[in-house]
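Structure record follows, encoded as structure tokens.
Laboratory data are not the source of any read-out in this text; all were calculated from the coordinates shown. Source: prediction; values computed, not measured. Note that each Cβ is placed from the backbone with ideal geometry, even for glycine, and that neighbours are counted across all protein chains shown.
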4 protein chains.
Amino acid sequence: MKILLSNDDGYLAPGLRILAAELSALAEITVVAPERNCSGASNSLTLEYPIRAELADNGFIRVDGTPTDCVHLAITGLLDDEPDMVIAGINAGANLGDDVLYSGTVAAATEGRFLGLPAIALSMNAHDPKHFASGARVARELVEHLQAEPLPSDTIINVNIPDLPYEELKGYQVTRLGHRHRAEPVIRDTDPRGRVIYWVGPAGLEQDAGEGTDFYAIREGYVSVTPLQIDLTRHSDIDRLNGWLSRMAR
Amino acid sequence: MKILLSNDDGYLAPGLRILAAELSALAEITVVAPERNCSGASNSLTLEYPIRAELADNGFIRVDGTPTDCVHLAITGLLDDEPDMVIAGINAGANLGDDVLYSGTVAAATEGRFLGLPAIALSMNAHDPKHFASGARVARELVEHLQAEPLPSDTIINVNIPDLPYEELKGYQVTRLGHRHRAEPVIRDTDPRGRVIYWVGPAGLEQDAGEGTDFYAIREGYVSVTPLQIDLTRHSDIDRLNGWLSRMAR
Amino acid sequence: MKILLSNDDGYLAPGLRILAAELSALAEITVVAPERNCSGASNSLTLEYPIRAELADNGFIRVDGTPTDCVHLAITGLLDDEPDMVIAGINAGANLGDDVLYSGTVAAATEGRFLGLPAIALSMNAHDPKHFASGARVARELVEHLQAEPLPSDTIINVNIPDLPYEELKGYQVTRLGHRHRAEPVIRDTDPRGRVIYWVGPAGLEQDAGEGTDFYAIREGYVSVTPLQIDLTRHSDIDRLNGWLSRMAR
Amino acid sequence: MKILLSNDDGYLAPGLRILAAELSALAEITVVAPERNCSGASNSLTLEYPIRAELADNGFIRVDGTPTDCVHLAITGLLDDEPDMVIAGINAGANLGDDVLYSGTVAAATEGRFLGLPAIALSMNAHDPKHFASGARVARELVEHLQAEPLPSDTIINVNIPDLPYEELKGYQVTRLGHRHRAEPVIRDTDPRGRVIYWVGPAGLEQDAGEGTDFYAIREGYVSVTPLQIDLTRHSDIDRLNGWLSRMAR
């Protein structure tokens, strides 16, 4: 079994290193990851400029591009042997609810959707996690179980892990993404030359975060496992929109 | 009525200018758009560096950030009066099927999802469109109809317009996103200093492009209107995943 | 006579526009300038990525690169007809003393050193100049005089103009570059996510700024004209260094 | 004795690592270097955005900025104890003649000109050097000799080392910078989307490369040592320019 690893924190991030070490017992691991931190990169793909891939000292391949570039490059030409699946992470910082839209970690996983096995995104619920080892063990359990009982290849699963010792995790919970309120206001400041600058503010407070959501599971100490889709069609709106358009004068 | 316009081709793009001119008859228009071309930016949000907004000569506000940064900044602090809706475009180049995942145009629209009216993304089906005027007229029709008969505020619609004179458009078709095959391989080349470079290759061929899809509508000469969602949960997978996890040894 | 104009404030900067308008009476003008503000770019040259040149709406050619890239590209392949000289500016902000090392404006001028006529860098002594017209008239006077009485082609002149109405300028003064004390300390701050950031602080105070220096001339209301060289060899140190090395044990 | 090291190839470059190892026997070493390759960066200084400094795994401090940013930051606020001198390199690739204008390595050294001891830039004459050890030994010899017999603090020396085993080096030669012909034309190409791109071409051929120049010394197998200045005034032109301006009608 061949697993492609990537992330959005950059090829030197500890979460990636720990993940690679843990999974190397189960599969042949190749890491293709961004040269630098790309948090918030979402699915952005570098179309205007070329990208380069270089073998780094730690044996990982580093790319001067986004997480999506990394996986795209790996599976459409860089690697001689196609991997069976892609795993992204382990991210320092949760990817819950609406955050998923902006997440480079989730984007790296979804870019692997054309491979033969499910794609997995892994994130620790802390900006400076103390328990990456818990995340790594979760990764191993999931991969081992996938080896025993495969899931359809178009499955994408978003996994968030409480930053706790493994023994304190309460188990797994399958969840849906919660939703947040609108983000906090941008933070207006002035640079030392007197020009106005803005910093993107914190994510909004949780709005839909009750039982069944990823927010809830994490808060309760569970590993949250959310199935994702890449079909952005809101099928339930098609009829309404048909009616609406039929009444449009033209 | 206040409309916020943005795009991913940059604040000087002709499609944006034509859109602003057309809609200024219907509403109060504010444009907040990237300083430079951000095609492929997806929902990327600038978290590590501050961003700046500047009033440009053409009356638009230009931002040294991504399409998502522009709309985020506009509705969380930059503008004194909150807009009622956001419209992104008119993009030079279609945003169909899986392309939507990578699209800065669609991302700009979805970032407006917290406003009081639907968000709209508009794209012409040509890289160098000759008929932006058709797209602008489509935009006006949609906004006029929204004024007469509102849609729920959480509606996001992705509109693609054939690059044809308005009279030759066959009408509107509500569609679902089609799907593509995997992208063409990256293009490997060597830079003049002898180092290997890669360019992201063309999008994959259409795989699911039959009747009912956006690919099909456009090909037949219709304006394609696809309702989008930002909830990436694949709800239909929740039960299966529950079963699968329950059989996982731990 | 053909003049190539460039700058480091970007192709839309008012100083560049005014300069182009003023000189178009004297010569055939081509503008090749950066897409965006590149202050502080020095002579940096883009070696790792390709650059693009595009004809902008205002008739200028904009380049996604540095000031040095612009002039380099223009005279080594982009333009069909080689210009006779390059003029950079008019910069918003003086380029005096040690600032010249970091200046993209001066770098753009020096990149034109292989052409048939002298290269000129022009800067107003104000961050938001009110009297670009004075700078433009200075530029015209210099070019007219060069047409009447040429200077050697390897001449590079750095011109700084007080931000005053033309009539209040006291005349021209040929100067040497002054020197500054070390820059003020970097400004340490914390971003909204709690990470430490640093902003480059203000330039140092004037240290060598007496009569004969560019600092002095500007302060007294004169247009400062400093001949520059690109030979960075400190010839006066060669003997000393020879002696020093001869005493080195090896 | 405290030495600050930096470079333009990035904090992971082998030339920097070897230099740090070699000099740690002689002095207390601190490394502050760019996060990524900044070749061609010249003296560019980041004025518009903040920069960050982070302690990397290898004990070096990496900065998301240019070589000049690194040294500027280090000596104007980041370090508790001011270093006595700065050494930049060892660069993979020579910095000879006009190349020095564009060199980030030389820029890093010159940014250290306010310290108490000379600044040194070191470069190997090969793009993929086999004999960094020779460069490191040269560095040690120079520093040891500086400790025994100091040079004035405003001395900046640009050292280029043939890529040969140490025993094959013929010795040191104090040189002046040679000069090149104009650079080779930019290389025009088309990207996979059909848009024209340009790559900066190779440096020009040697024009002034005879005895006494750095080009010559290197070619003959000597370590080239060139004293540099940062005063860009061409003092020899001041009289001529005075005469010329006096004849300008106004």
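Here are some notes:
- Among A:27, A:126, A:148, the largest mean-square fluctuation in a Gaussian network model of chain A, built with springs joining Cα atoms closer than 10 Å, belongs to A:148.
- In this structure, the amide hydrogen of residue A:103, modeled 1.01 Å from its nitrogen in the peptide plane, lies closer than 5 angstrom to those of A:42, counting only residues at least 5 positions away or on a different chain.
- The residue among C:96, C:183, C:223 whose Cα reaches farthest toward the positive pole of the charge dipole of chain C, with charges on the beta-carbon of Lys, Arg, Asp and Glu, is C:183.
- Table column - 3J(HN,Hα) (Hz), the range D:45-52, Karplus curve with 6.51, -1.76, 1.60, x for Gly and Pro: 10, 7, 9, 8, 10, x, 10, 10
- Between C:37, C:95, C:58, the GNM of chain C built on Cα springs shorter than 10 angstrom shows C:58 fluctuating the most.
- Here the simple spin-label model places points 7 Å from the Cα toward Cβ, and for residue D:24 and residue B:220 these points are separated by 7.1 nm.
- In order along the range C:156-170, the phi-based Karplus estimate (6.51 cos²θ - 1.76 cosθ + 1.60, θ = phi - 60°) of 3J(HN,Hα) comes to 10, 10, 9, 10, 10, 10, x, 7, 9, x, 3, 5, 8, 5, 8 Hz; Gly and Pro are listed as x.
- Sequence-separation-based contact order of the range D:121-169, relative, with Cα cut under 8 Å and 6+ spacing, percent: 64
- Separation of the range C:200-225 and the range C:16-31, taken as the distance between their Cα centroids, equals 28 angstrom.
- Long-range amide H partners of residue C:197 with built H, under 5 Å: C:189, C:190, C:191
- Most mobile listed residue (A:209, A:25, A:107) in chain A, GNM with C-alpha springs under 10 Å: A:25
- For the range C:49-177, projected area of the alpha-carbon convex hull averaged over all directions, nm²: 8.9
- Cβ-placed point charges (K, R +1; D, E -1), dipole of chain C about Cα centre in debye, nearest 20: 820
- Chain D, helix-only ellipticity at 222 nm - DSSP H runs n ≥ 4, -39,500 (n - 2.57), divided by all residues, nearest 500: -6500 deg cm²/dmol
- The same position residue B:1 in the other copies lies at 5.4, 5.7, 7.6 nm from this copy, comparing label points 7 Å beyond Cα toward the beta-carbon, shortest first.
- Label-point gap, in nm, between residue B:127 and residue D:246 - each point 7 angstrom along Cα→Cβ: 6.2
- Amide N proximity, the range B:192-224 versus residue B:168 label position 7 Å along Cα-to-Cβ, cut-off under 20 Å: B:215-224
- In order along the range D:192-198, phi translates into HN-Hα couplings of x, 9, x, 8, 6, 10, 10 Hz, rounded to whole numbers, per the Karplus curve 6.51 cos²θ - 1.76 cosθ + 1.60 with θ = phi - 60° and x for Gly and Pro.
- P(r) tail, the range C:98-250: Cα-Cα pairs separated by more than 17 Å, 71% of all pairs.
- q = 0.17 Å⁻¹, the range C:160-250: log10 I(q)/I(0) [Debye, one scatterer per Cα]: -0.88
- As a size descriptor, the averaged projected area of the C-alpha convex hull of the range C:96-138 was calculated at 3.7 nm².
- Using R0 = 60 Å, the C-beta based FRET efficiency linking residue C:154 and residue B:239 works out to 0.15.
- Legend: calculated FRET efficiency, residue D:55 to residue B:181, from the Cβ-Cβ distance at R0 = 41 Å, rounded to 0.05, equals 0.35.
- Here the contact order of chain A, divided by its residue count and restricted to Cα pairs under 8 Å and six or more residues apart, works out to 17 percent.
- Its Kirkwood hydrodynamic radius, worked out from the mean inverse distance over all distinct Cα pairs, puts the protein assembly as shown at 30.3 Å.
- Total formal charge among the other residues, if their Cβ is under 12 angstrom from that of residue C:221, Lys/Arg +1 and Asp/Glu -1: -2
- A DSSP coil position with no more than 12 other Cβ atoms inside 10 Å describes the following trypsin sites (Lys or Arg not before Pro) in the range C:135-171: C:170.
- Among residues of chain A, the one whose beta-carbon sits closest to the A-to-D rotation axis is listed with its distance in Å as A:36, 3.
- Under 22 Å between alpha carbons - lysine pairs in the protein assembly as shown that sit 8 or more apart or on different chains: 4
- Within-15-Å neighbourhood charge of residue A:241 [Cβ basis; K, R +1; D, E -1]: -2
- Percent RCO, i.e. relative contact order, over the range B:1-117, from Cα pairs under 8 Å lying at least 6 residues apart: 36
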